[in-house]
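Beneath this line is the structure, given in structure tokens, with notes to follow.
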Amino acid sequence: MDARETALLTLNACERQGGWSDGALKKQISAAGLDSRDAALATQLCAGVLQNQMLLDFYLAHFSNIPLKRMEGRVVQALRLGAYQMLFLDRIPHSAAVNRSVELTRAYCKNPRAAGMVNGILRSLERSLERLPTIPQRDPVEYLSILYSHPAWMVREFLLTLGNDGAAALLRANNAQPATAAQVNTLKINARELRLRLEERGVRAEEHPWLTDCILLSGTGNLEELPEFQAGLFYIQDPASRLAVAAAGPAAGMRVLDACAAPGGKSFAAAIAMGGRGTVCSCDLHPHKKKLIANGAARLGLDCVTPMTADACVHRPEWEGAFDLVLVDAPCSGLGVIRKKPDIRYKDPEPLAALPSVQRRILENVSSYVRPGGTLLYSTCTLLRRENEDVVSAFLEAHPQFGPEPFQLPGVPGAEGSSWMLTLWPHIQGTDGFFISRMKKREEAL
């Protein structure tokens, strides 16, 4: 099994079963026994097809007499893979892209005529690469939706918030490949020494342009096999998540609750910022994620992190007023991490309507765990106002014992000055899309 076959099976499984592409791809790569080069190509193919699926379908439809929705799923994926390679990858000969898609169609599709159809459609596309069909521009929603392969409902949301130019820049950024951000475990090593050690192993490493103790990595291969990773010298976390912890201001000796913690990055960032002095109670709803957090904390040598299984919506009377700082990285629609999880854009938007009520319930519950004078930090990795500003505004209106508490993040582009709420954008800061808000509990009841 090669990279293209692995990509085909992954994409087909995700579309049929509704799973997430990253998990499905890992299983397929493992089952196929791909080497690092083929694994990288399979990953690129899967991500590229998902990032450009609506655009690929728009072009393919112009060269097919049969609507794509009437074709067998694996036929459509073979077409998308061939078209993506021809349209977006310079190093793959067009003949190789077409021939392999035809071979995969012949191997996996029931209709004996499907391979000929795939060959005909992709050859027609190849002949027209210099004069591709024009995307209609009369409707900005339709145009941006097709061009950047985001559903119309999502494009409308971003147009309302950002306008045409801003929305286009965000959608374009969502289709870019982000660097892998390694946060330095400064309890064990400094950034310069870690960077030099990684470079000696052939890893391309550069210090982040504006976030201290953060290194951008490429060419890592299987990152978890690096001795520096195994020794707990760094952990992987987007700069936006670390900035949320920085905004919260953890300090040595604090009692911290990370209420929705998995996979543990914010707990680790808090513990390191505290110099390992204090306590971080790191909770998640799912029992198997407790082990994930525990393994990460052990690898990093963070003895002050205590993983627990706990439902953030269920009240624990023994925690009332027990914490100096409560972090709430609430479950959300995840629209800020589309560049890392491209298939988020294709999920059914209907269940998202229930998220604000869940987020409000979590805030309502865990706010009671904040001591008088303590801090409550609410964050999400989405960009929808109804899950961000609207949630914290409703919370503050219902809880006068809390008020906005400004924070500063020096050096962050577009975040100059002091505010108690901040949205980070992929096209502005180059981070995940992220919302951060900081609130303080009054010393005395009103």
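Looking across region 143-179, just one residue is among the β-branched types (V, I, T) and surrounded by fewer than 18 Cβ atoms within 10 Å (Cβ to Cβ), and that is T161.
The listed residues are S419, S379, S367, and the only one of them that is closer than 15 Å to S241 by Cα, in contact (Cβ under 8 Å) with a residue 12 or more places away in the chain and either hydroxyl-bearing (S, T, Y) or surrounded by fewer than 16 Cβ atoms within 10 Å (Cβ to Cβ) (or both) turns out to be S379. Among the residues of region 237-283, those identified as more than 23 Å from the chain's Cα centre (by Cα), more than 16 Å from T186 (Cβ to Cβ) and of a type in the set (G, A, S) are G249, G253.
Within region 295-320, the set of residues being of a type in the set (S, T, Y) and part of a helix (DSSP H, G or I) is empty. If the condition is being surrounded by 16 or more Cβ atoms within 10 Å (Cβ to Cβ) and over 23 Å from D238 (Cβ atoms), then region 317-334 contributes W319, A322, F323, D324.
Pairs linking a residue in region 395-410 that is assigned to a helix (DSSP H, G or I) and modelled with pLDDT of 95 or more to a residue that is buried (at least 17 other Cβ atoms within 10 Å of the Cβ) and small (G, A, S), with Cβ atoms under 9 Å and 6 or more positions apart or on different chains, are F395/S367.
The sole residue among S36, S95, S101 that is hydroxyl-bearing (S, T, Y), in the same structural domain as L25 (by TED's automatic domain parsing) and crowded, with 18+ Cβ neighbours inside 10 Å is S101. Any idea which residue in region 5-25 is farthest from I338 (Cα to Cα), counting only those that are of a type in the set (A, V, I, L, M, F, W, C) and either surrounded by fewer than 24 Cβ atoms within 10 Å (Cβ to Cβ) or within 18 Å of the chain's Cα centre (by Cα) (or both)? Applying the filter and picking the extreme gives L9. Do we have E228 as closer than 25 Å to K341 by Cα and not hydrophobic (A, V, I, L, M, F, W, C) here? It is false that E228 is closer than 25 Å to K341 by Cα and not hydrophobic (A, V, I, L, M, F, W, C).
Take E200 and decide whether it is more than 20 Å from the chain's Cα centre (by Cα) and either more than 30 Å from G373 (Cβ to Cβ) or not assigned by TED's automatic domain parsing to the domain that holds G48 (or both). Spelling it out, E200 is indeed more than 20 Å from the chain's Cα centre (by Cα) and either more than 30 Å from G373 (Cβ to Cβ) or not assigned by TED's automatic domain parsing to the domain that holds G48 (or both).
The values are calculated or read from the model by the stated rules, or taken from the named source; none is laboratory data. Everything numeric here is computed off the predicted structure, so don't read it as measured data. FYI the Cβ positions are ideal-geometry reconstructions off the backbone, even for glycines, and counts take in every protein chain you see.
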